[in-house]
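Participant: Below you will find the structure I want to go over with you.
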Amino acid sequence: MEFTVSKILWTLLGLFIVLNWGLIMGGTMRKIGARVAKRHGIPIYQPYIDLVKNYAIRTQITHGIMFYLGPVFRLSGGVGIFLFLPLIFGSDHWSNFSFSGDLILILYFQFFGMLGMALGAGEGGHPYSAIGIGRGLSQFTTIEVPMTLAVIALAVQYNTLSISEIVAAQQGGIANWTMITNPFATAAAMLSLLGAFGHSPFNLVKAPNEIPIGPPTEYHSTYLGVLRTNAAILHVVEAALFMNLFFGGATNWFELILKTFLIYFWSVFVGMVFPRFRIEQSVRWFVKIPLVLGIIAIIIII
Amino acid sequence: MNRLTATEDKLPASVFGLPTNFLKMKETDDNDKFLHEENKKREATAPDGSIIEIDPMQDYFCDARPQVSEPYKIKIVEKFLNWARSESIWVLGFGTGCGSIEIPPLVTPRFDMFRYGVQMRPTPRQSNAFIISGYLSVKTLKRVIRSYEQMQSPKYVIALGSCTINGGMYWDSYNTINRLDQYMPVDVYIAGCMPRPEALLAGFGKLKELIKTGRAEKANEYVENFDWYKANQKKIIKDWNMPDYNW
């Protein structure tokens, strides 16, 4: 890992591309959802307009310092994952600041944004925020367990904690992908990914028509703009993380875009088919199926 | 708690051509008797044993007067932002009267308001447009005012149905208001009883046109005539057990 000016500029360019791809991908998925419901739906560039609109709101209110910092923490969670995630395998420019222990750091960053947001939304003082946080954290805790088990299975299998090395070990054809070599870990992780992306059936935390939008109830204007910017980045980097861990990584941008699209589409596809779980149902589901799969993956690999 | 002290010299001579001198109000503590028990001043013991005074109306609510929010000075930037605002109208999911039944069809394939950039939001903080859908009872008016004031500027109000214009078929009812624009500024009226969802879509089209041309600045009008609106609201809402300002 080296910190040169050109390296930092390349990383910023990567962030810009990832942000734009995240916004377009989000719009496309909503368009697909609308077509399933036989609607025209939003134009795919609608997320851009929404973002500009949110940043252009003239008034803001605050509930305190932590209320300010909530979206900032959330954004640093998303950008943090991006910074330490190698995007394109074998490329100096697009490997960002990945290093030998980046896998653990990225797992940490996944929870970091969530906790920051919980503190910020808590200061907002809205009862619905508190309920949303309670539900979100309990669901995410049960998501983390199978996901971490799958990642540990991978670390044992490839004998490394470096994402770049895990990608390198999967090169040479689909037969080398973790998806084939370690199907149980892949299944556990892909099922917990459904919860991490927060689409139906696991979208109780932020569903607009359950508890009005959950933790971000009080967030508006620029705060909401920051949260939405982060959501766009986070969707791509989470999909890219899973692409690197289980689906052979990407050797060029086209491959990255295709694979992240398909991985994100997996959660949207499931969401289109299945109705929403209540929180105790989703928690119970996560500790049943993905957790058992994760434990099997660990037992097999050890 | 800041109490309303509307006097003749603070008010404009007329608003919408109506004289405002009938709005003389005297300073009273009448409001206190409507305060709910949990909103009254009280003393509490802190974890360290000290006694602290809690005044919910001061501690939990903001009592700053609203300010006029100016548009950007650079014309072309403001024009671009207005375009974005008009193409992304987030509507507060709040149904007030029988007209609220006309809103759900807008999200169905037949009318599909999403293609015009109109989306529903569940919280006033994130919403830009408020549809007053039909008659407004006094009890609901209070909630409407709270929700409207929690919305961030620029915000727009669409009045749906005849009841919001002159009371409609409820014009002599004992508990509904007749003219909405006495209590909050209205950007677009959609006449009819009830207007069809197509009319609502046409109303959104009109609102977009107003925003794009920079004529949808009613949020500032509310701020400029704040005392007049507050006096009107307090005249009709008898149990004013909330702070004067709700943001």
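The values are calculated or read from the model by the stated rules, or taken from the named source; none is laboratory data. What you see is a predicted model, and the numbers here were worked out from it, not measured in a lab. Counting neighbours? That spans all protein chains shown, and the Cβs are built from the backbone with ideal geometry, glycine included. For the accessible areas, the whole protein counts, side chains as well, though only heavy atoms, and no ligand, DNA or RNA atoms are used. Shrake-Rupley method; radii C 1.70, N 1.55, O 1.52, S 1.80 Å.
Participant: Can you name every residue in the stretch A:269-290 that is of a type in the set (A, V, I, L, M), surrounded by fewer than 19 Cβ atoms within 10 Å (Cβ to Cβ) and in contact (Cβ under 8 Å) with a residue 12 or more places away in the chain?
Facilitator: A:VAL270, A:MET272, A:ILE279, A:VAL287, A:ILE289
Participant: Right, here's the next one. Name the pairs: first residue in the stretch A:216-229 and at the interface with another protein chain (Cβ under 7 Å from one of its Cβ atoms), second residue aromatic (Phe, Trp, Tyr) and open to solvent by 10 Å² or more (accessible area, probe 1.4 Å), Cβ to Cβ under 6 Å, at least 6 apart or on different chains?
Facilitator: Taking only residues 6 or more apart or on different chains, the pairs are A:THR217/A:TYR128.
Participant: Among the residues of the stretch A:18-28, are any within 13 Å of chain B (Cβ to nearest Cβ), open to solvent by less than 50 Å² (accessible area, probe 1.4 Å), aromatic (Phe, Trp, Tyr) and on the phi < 0 side of the Ramachandran plot?
Facilitator: No, the stretch A:18-28 contains no residue that is within 13 Å of chain B (Cβ to nearest Cβ), open to solvent by less than 50 Å² (accessible area, probe 1.4 Å), aromatic (Phe, Trp, Tyr) and on the phi < 0 side of the Ramachandran plot.
Participant: Now for a separate question. So, A:ILE143, is that one more than 14 Å from chain B (Cβ to nearest Cβ) and open to solvent by 20 Å² or more (accessible area, probe 1.4 Å) or not?
Facilitator: When the stated conditions are applied, A:ILE143 does not pass them.
Participant: So which residues in the stretch A:203-252 are open to solvent by 10 Å² or more (accessible area, probe 1.4 Å) and polar (S, T, N, Q), if there are any at all?
Facilitator: A:ASN203, A:ASN209, A:THR222, A:THR229, A:THR251, A:ASN252 - these are the residues of the stretch A:203-252 that are open to solvent by 10 Å² or more (accessible area, probe 1.4 Å) and polar (S, T, N, Q).
Participant: Mind checking which residues of the stretch B:195-247 are acidic (Asp, Glu) and open to solvent by 20 Å² or more (accessible area, probe 1.4 Å)?
Facilitator: Matches in the stretch B:195-247: B:GLU198, B:GLU209, B:GLU217, B:GLU221, B:GLU224, B:ASP227, B:ASP239.
Participant: Just the residues that are under 23 Å from the mean Cα position of the chain (by Cα) and among the basic types (Lys, Arg), please, taken from the stretch A:48-79.
Facilitator: A:ARG74
Participant: I need the helices (runs of 4 or more DSSP H) fully contained in the stretch B:180-247, keeping only those with at least 3 residues that are closer than 14 Å to B:SER86 by Cα.
Facilitator: In the stretch B:180-247, the matching helices (runs of 4 or more DSSP H) lie at B:197-212.
Participant: Restricting to the stretch A:106-132, and then to whatever is open to solvent by 50 Å² or more (accessible area, probe 1.4 Å) and of a type in the set (A, V, I, L, M, F, W, C), can you tell me which residue is farthest from A:ILE213 (Cα to Cα)?
Facilitator: If we take residues in the stretch A:106-132 being open to solvent by 50 Å² or more (accessible area, probe 1.4 Å) and of a type in the set (A, V, I, L, M, F, W, C), then A:PHE112 is farthest from A:ILE213 (Cα to Cα).
Participant: May I pose another question? When the stretch A:35-47 is examined, which residues are found to be open to solvent by 70 Å² or more (accessible area, probe 1.4 Å) and either under 22 Å from the mean Cα position of the chain (by Cα) or facing another protein chain (nearest Cβ under 7 Å) (or both)?
Facilitator: Within the stretch A:35-47, A:LYS38, A:HIS40, A:ILE44, A:TYR45 meet the criteria.
Participant: Going by the structure shown, is B:GLY95 in contact with a Ser or Thr (Cβ under 6 Å, 6 or more places away or on another chain) and modelled with pLDDT of 90 or more?
Facilitator: Against the criterion (in contact with a Ser or Thr (Cβ under 6 Å, 6 or more places away or on another chain) and modelled with pLDDT of 90 or more), B:GLY95 does not qualify.
Participant: Could you please let me know if A:SER138 is closer than 30 Å to A:ILE211 by Cα, under 20 Å from the mean Cα position of the chain (by Cα) and surrounded by fewer than 17 Cβ atoms within 10 Å (Cβ to Cβ)?
Facilitator: Yes.
Participant: Against the conditions (1) of a type in the set (Val, Ile, Thr); (2) surrounded by 14 or more Cβ atoms within 10 Å (Cβ to Cβ); (3) more than 14 Å from chain A (Cβ to nearest Cβ), where does B:THR45 fall short? Just the number, please.
Facilitator: (2)
Participant: Quick check on my filter: what residues within the stretch A:206-215 are more than 8 Å from every other protein chain (Cβ to nearest Cβ) and in contact with a Ser or Thr (Cβ under 9 Å, 6 or more places away or on another chain)?
Facilitator: A:ALA207, A:ILE211, A:GLY214, A:PRO215
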